[in-house]
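The values are calculated or read from the model by the stated rules, or taken from the named source; none is laboratory data. For clarity, every value in this text was computed on a predicted model and none was experimentally measured. All Cβ positions, even for glycine, are placed from backbone atoms using ideal geometry, and neighbour counts span all protein chains on display. When the accessible area is computed, the model is the full protein with side chains, heavy atoms only, and any ligands, DNA or RNA have been set aside. Shrake-Rupley method; radii C 1.70, N 1.55, O 1.52, S 1.80 Å.
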Amino acid sequence: MTKRVLILGAGSGASDNLIRSLRADAELVLIGAHADRFVLSKSKADRRYLVASRERPEFAATLRRVVEREAIDLVVPNSDADVRAVAAIRDGVGARVFLPRSDVIDLCQDKYALTSFLLSRDIPVPLTHPIAGVDHVEAVFEALAPRRRLWCRMRSGSGSMGAIPVTTPEQARSWIAYWRDMRGIAPDVFTLSEYLPGRDFNVQGVWKDGRPIVMKMIERLSYFGGAHNPSGTSSTPALAKTVCEPRVFEVCAAAIQALDPSASGVFNVDVKESVVGEPCITEINAGRFAMITNVYDFTGKHNTALVFVRAALDEPLDVADVWDVAENHYLVRDLDTEPAVFHADELYDRVQDA
């Protein structure tokens, strides 16, 4: 039977990548919704609906109208803000949602609270301290001594917003003061943590009732817009490679199970190695797909986006190995081009060496 899926954020890069992945099942009818008609206009969904923004009280009512009109089976929010908004009204949406518990979502969207929680469960994370104010920076540097380089970032947000490596208290104070004075960001939004210099991974997995169904992994090799960011990095890679590091899979699985022994939904986890090569969790995005979901969906035995939909709708699944590994595939991304996914053997296809 044909299933009908409503995807929020339609027209955004993240949701259009998700739609691209879901097109692998020709029987799915994909309906898009967004509160911005300009973004919505470029969505590749089968049909598109303008809805109220999530900040407005009529958001839930407009969402329900789309669900009823299109006989939607599953509603999929695909940004942190949409995940939080839909989770809060999940019982009144009028269709199935497949999201983690709201308290898990809230915890994951506060990076300092998440780090503190995981540390209390003996799961490796970077040693992190909150900033009470610009005058508190010196004390945090002393607490993290003898580390010379620290990582300064905000407790919430995506895309490495407000993130920068610092080596002196003055650098951190100036950075935090800039965001306070120019952007209205309170100093207590920031944290300082040990800097992790090692390899950089992302793991995306679909869970149901506390059990991982499928998990996949990439290593970031270069960063989208990284050269233009003060941090030199970004959560979204320009170049990434599928890899298999069992210790990274294991720490990610332990973290999700610590968050909720009955976890359900999609989780993507950022992991970076410490100076001694220990994989440390730096962030967990609960309830939404990674911007780079295509590399997980077009490689290996299973399309994680389709596994998610089938798990959400209680359809049969045939996934023998949780770690779906297909190494040596690359993801290449650039502005205003469709992401490319290919195997290393295809690198020189249709290319002549001059």
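Brief remarks follow.
- Pairing residues of segment 303-324 that are farther than 19 Å from Leu99 by Cα with residues that are of a type outside the set (D, E, K, R) and surrounded by fewer than 17 Cβ atoms within 10 Å (Cβ to Cβ), at Cβ distances under 8 Å and at least 6 apart in sequence or on separate chains, gives Trp323/Cys244; Trp323/Pro246.
- Cβ-Cβ under 6 Å pairs, at least 6 apart or on other chains, segment 262-279 side farther than 24 Å from Glu194 by Cα and polar (S, T, N, Q), far side part of a strand (DSSP E or B) and at pLDDT 95 or above: Ser264/Trp207; Ser264/Lys208
- In summary, Thr62 fulfils each of the numbered conditions (1) farther than 19 Å from Phe289 by Cα; (2) polar (S, T, N, Q); (3) within 21 Å of the chain's Cα centre (by Cα) with the single exception of condition (3).
- Looking only at residues in segment 235-256 that are of a type in the set (Gly, Ala, Ser) and more than 28 Å from Gly225 (Cβ to Cβ), the one that is least open to solvent (accessible area, probe 1.4 Å) is Ala253.
- Exclusive hit being touching a strand residue (DSSP E or B) at 6+ places or on another chain (Cβ under 7 Å) and more than 14 Å from Glu194 (Cβ to Cβ), set Val93, Val134: Val93
- Entry remark, segment 321-348: residues being open to solvent by 90 Å² or more (accessible area, probe 1.4 Å), under 30 Å from Ser264 (Cα atoms) and among the aliphatic types (A, V, I, L, M) number 0 in total.
- Matching residues, segment 18-28, being open to solvent by 20 Å² or more (accessible area, probe 1.4 Å) and free of Cβ contacts under 8 Å to residues at least 40 places away in the same chain: Arg23, Ala26, Glu27
- Glu327 under 20 Å from Phe201 (Cβ atoms) and out of contact with any strand residue (DSSP E or B) (no Cβ under 7 Å at 6 or more places or on another chain): no
- Just so you know, in segment 261-292 the residues that are of a type in the set (D, E, K, R) and touching a strand residue (DSSP E or B) at 6+ places or on another chain (Cβ under 9 Å) include one that is farthest from Ala87 (Cα to Cα), and it is Glu273.
- Residue among Asp103, Asp135, Asp91 that alone is of a type in the set (Asp, Glu), out of contact with any Pro (no Cβ under 8 Å at 6 or more places or on another chain) and closer than 20 Å to Thr282 by Cα: Asp103
- Apart from one condition, Thr242 fits all of (1) closer than 27 Å to Cys152 by Cβ; (2) at pLDDT 95 or above; (3) among the hydroxyl-bearing types (Ser, Thr, Tyr); the exception is (1).
- Among residues of segment 223-263, those that are under 16 Å from Ile284 (Cα atoms) and assigned to a helix (DSSP H, G or I), counted: 12
- Qualifying residue in segment 148-168 (condition: over 30 Å from Val341 (Cα atoms), over 20 Å from the mean Cα position of the chain (by Cα) and among the aromatic types (Phe, Trp, Tyr)): no
- Restricting the first member to segment 64-91 and to residues that are closer than 12 Å to Arg54 by Cα, and the second to residues that are assigned to a helix (DSSP H, G or I) and not β-branched (Val, Ile, Thr), the beta-carbon pairs closer than 6 Å and six or more apart or on different chains are Ala87/Ser102; Ile89/Ala60.
- Elements of type strands (runs of 3 or more DSSP E) contained in segment 142-197, each with 3 or more residues being open to solvent by 20 Å² or more (accessible area, probe 1.4 Å): none
- Residues that are of a type outside the set (S, T, N, Q) and buried (at least 24 other Cβ atoms within 10 Å of the Cβ) within segment 1-17 comprise Val5, Leu6, Ile7, Leu8, Gly9, Ala10, listed in sequence order.
- Of all residues in segment 284-308, those being touching a Lys or Arg at 6+ places or on another chain (Cβ under 7 Å) and surrounded by fewer than 22 Cβ atoms within 10 Å (Cβ to Cβ) number 1.
- Taking the conditions (1) β-branched (Val, Ile, Thr); (2) more than 17 Å from the chain's Cα centre (by Cα); (3) not in a strand (DSSP E or B) in turn, Val5 satisfies each one other than (3).
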